[in-house]
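Taken together, the values in this text are just the output of simple stated rules run on the coordinates, not laboratory data. Since we're looking at a predicted model, the values are computed, not measured. Positions of Cβ are generated from backbone atoms using ideal geometry, with glycine treated the same way; all protein chains shown enter the neighbour counts.
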Amino acid sequence: MSLFSHWNEKALLLMYCCDPSKSYVICGGLGGFGLELADWLVLRGAQNLVLTSRKGITTGYQQQRTTLWQSYGCNVKISTQDITVPSGCEALLGEANALAPVKAVFNLAVVLQDATLPNQTEQSFEVSLGPKADATRFLDKATRRLCPELSDFVVFSSVSCGRGNGGQTNYGMSNSVMERVCERRRHDGYPAVAIEWGAIGDVGLVAEMFEEQVQLEIGGTLQQSIASCFQVLDRLLRQTEAAVVSSIVVAEKKASTGSSSILDVVAGIIGITDLKSVSLQSTLAELGMDSMNGVEMKQTLEREYGIVFSPAQLRGVTLARILELHQSGNGAELEQSKEFDLKDFMMYLLTESDLRDSSIAKLPSLGAANGCQRLSKLIAFPGIEGQCELLKALTQKLEVDAIGLSYTSGLQADNIPETAARIIPFVRDLLEPNEPFHLVAHSMGCCAALQVASDLEHLGLVGTISFIDGSPAFIKELSAKMSGADWESVVLCSALSLHVNEAQVVEFAQELSKISSSSKRLELYLSKFQYDDKITKSLVLNGTNMVLNLMKACTSYHPTIGKLKSKARLFKPTMVSISFEAEDYELGQYFEQPVEVLVLEGDHRTILNNDELAESIMSSCRAANGFVEE
């Protein structure tokens, strides 16, 4: 009997118990989890409950539960105070103290406004922050003054904060603020704990959203039953070591059951019921994968099959490629790759620039400052952005005068040979008789630079050409990978995406697919912009036409030139845009001397910032001008 009494006393010490002479406040107490928490507290001895809700009691079930607790002799107060403002929190605690001194405060309140980050707004963040971040901050300050007997300050956070979840940036931030408040309270000597819950299966938001699913797997986790939640809560409320704790149910990692099953899984995520109705060469984006199910797709392929894609790669991968990777057992698709993102360059297309108005412009460099006028001027050919804003990062490190070309209407034609013919007079004026030329070209500018070099050699000149991640063959392959046959749509959608939200771009793309006329497409595109003093219709029209013409010229360019005597170097980034079989991007066929290939740190764009690139180009310039490196 003595042993039993000792065991029973120990068990009681290991149980969270409520003080019937104190009150317990639950913000969001009329929600699914809130009602279960209130019931749990009543069973643990609570006799005074204050439940908050924006709308009060709205369902028969809520009324039935509150009536049941009152039948147990429990005082239940339903408060509609606005806890997103300081005065509302103080009024709430005043109502609770009127029942009995406040012993514990639980914040379960939540408002979801999920969207991918480009579609989030200031308002969507404010709505999400209100009941969580703001309310917790105000409750923290108010309880310090008004609740001297407080022993528990509990906020319900989420794994969306601790581990992230696609489309919930604002929700994750709201929870993060609550957790920081709890950490500060602990530091100041006040009680506080933030509990990061995973998905709850029986009640609450996930249960409401997926009410027909018996067991849904979300981000590698399973829903936690409400009974399990309270078993965990019993322990978490009594621990004193951590201000932020977590409870999730990790899903079992299952091996794939066969080659065909991976396509069934992929199709199921997208919503395709019959795989026979689609082509294996279709990309996931073409099959209807959006940003939300894209997160699930990425996690499933990584966890279930060990196949790793970046989000950008995932949009462009085909069913056939996924099946090939699965069958070969080679999970990593492009470990050292970064997909070419046209938006990285289109941002310069529709912005004002001091390089836009003229065909040539002097670029910032160290030439004049270091007395290097003896070196021939360097001519820079920009990529698809059409002007040398990106190349400034390179030229400002060069000890040579640098001149940048802009593909204005005066220089540009719809084919590379004609474009080169228009550039040649400008280049001839910049060079002294018989001095070597130095051409530096990035991306799509490499096509024009190659043709200009050929034309200059016909005039009896030789020099150096620095190709930065580009060649005619490379550009064709990149264009095909980037957009397939309809690169015109990709250009228009990429440019528009910098000025409107994702939903509007999707709507525009759908409208665009129904129009075959290029002029009609351009007319629709121009109608989507909101013009002002900085973004004028002429700026958008001229810039877009420039890119479309340049892409047309580059993708249709078939060099018919002889072997060039000039010295060529190809600079490739460590993070490649596409996997290209030829190490020299097939440039060797155009030169008598072997093309020197150098691999530098960076990607298609950031390689321009590499100091080694500037040093190597300067070395070529000095050698061509007859200067010996010391």
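Numerical summary
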quantity: Trypsin sites (Lys or Arg not before Pro) within segment 159-191, DSSP loop, no more than 16 other Cβ atoms inside 10 Å; calculated: ARG163
quantity: Difference of contour (0.36 nm per residue) and Cα-Cα distance, ARG54 to THR67; calculated: 2.7 nm
quantity: Cross-link pairs beyond the 18 Å C-alpha cut-off, checked among LYS103/LYS132; LYS22/LYS77; LYS132/LYS298; calculated: LYS103/LYS132; LYS132/LYS298
quantity: ASP274-THR574 FRET efficiency (beta carbon distance; Förster radius 60 Å; 0.05 resolution); calculated: 0.90
quantity: Kirkwood-Stokes translational diffusion coefficient of segment 53-124, alpha-carbon pairs, 20 °C, 1.002 mPa s, µm²/s; calculated: 143
quantity: Cα pair count fraction exceeding 25 Å, expressed as % - segment 496-628; calculated: 53
quantity: Alpha-carbon centroid distance for the pair segment 130-163 / segment 403-481, whole angstrom; calculated: 63
quantity: At most 12 other Cβ within 10 Å, DSSP loop - chymotrypsin sites (Phe, Trp or Tyr not before Pro), segment 530-610; calculated: TYR531
quantity: Cα-Cα separations in segment 492-567 greater than 18 Å, expressed as whole percent; calculated: 52
quantity: Sorted by Cβ density within 10 Å, fewest first, the residues VAL500, VAL155; calculated: VAL500, VAL155
quantity: Nearest-0.05 FRET efficiency for LEU598 and ILE561, computed from C-beta distance (R0 22 Å); calculated: 0.40
quantity: Most to least packed among 231-244, 506-519 [average Cβ atoms within 10 Å]; calculated: 231-244, 506-519
quantity: Nitroxide proxy distance, nm - points 7 Å out along Cα→Cβ at LEU541 and GLU122; calculated: 3.4
quantity: Charge tally in the Cβ shell below 15 Å around ARG422, where Lys, Arg are +1 and Asp, Glu are -1, ARG422 excluded; calculated: -3
quantity: FRET efficiency, 1/(1 + (r/R0)^6) with R0 30 Å, evaluated for ALA413 and GLN589 via beta carbons; calculated: 0.80
quantity: Potential lengthening between GLU183 and ALA320 on full extension [0.36 nm per residue; Cα-Cα distance subtracted]; calculated: 44.4 nm
quantity: Candidate lysines for bridging to LYS476, where Cα separation is under 23 Å - those fewer than 8 sequence places away on the same chain excluded; calculated: LYS338, LYS343, LYS552, LYS563, LYS572
quantity: Approximate spin-label separation GLN299-VAL500, in nm, with each point projected 7 Å along Cα-to-Cβ; calculated: 3.1
quantity: Relative counts (whole %) of C-alpha pair distances in segment 440-549, using bins that are 10 Å wide; calculated: 12, 34, 28, 18, 7, 1
quantity: Cα lying deepest toward the dipole's positive end in segment 523-629, options THR544, GLN593, PHE580, charges on Cβ; calculated: THR544
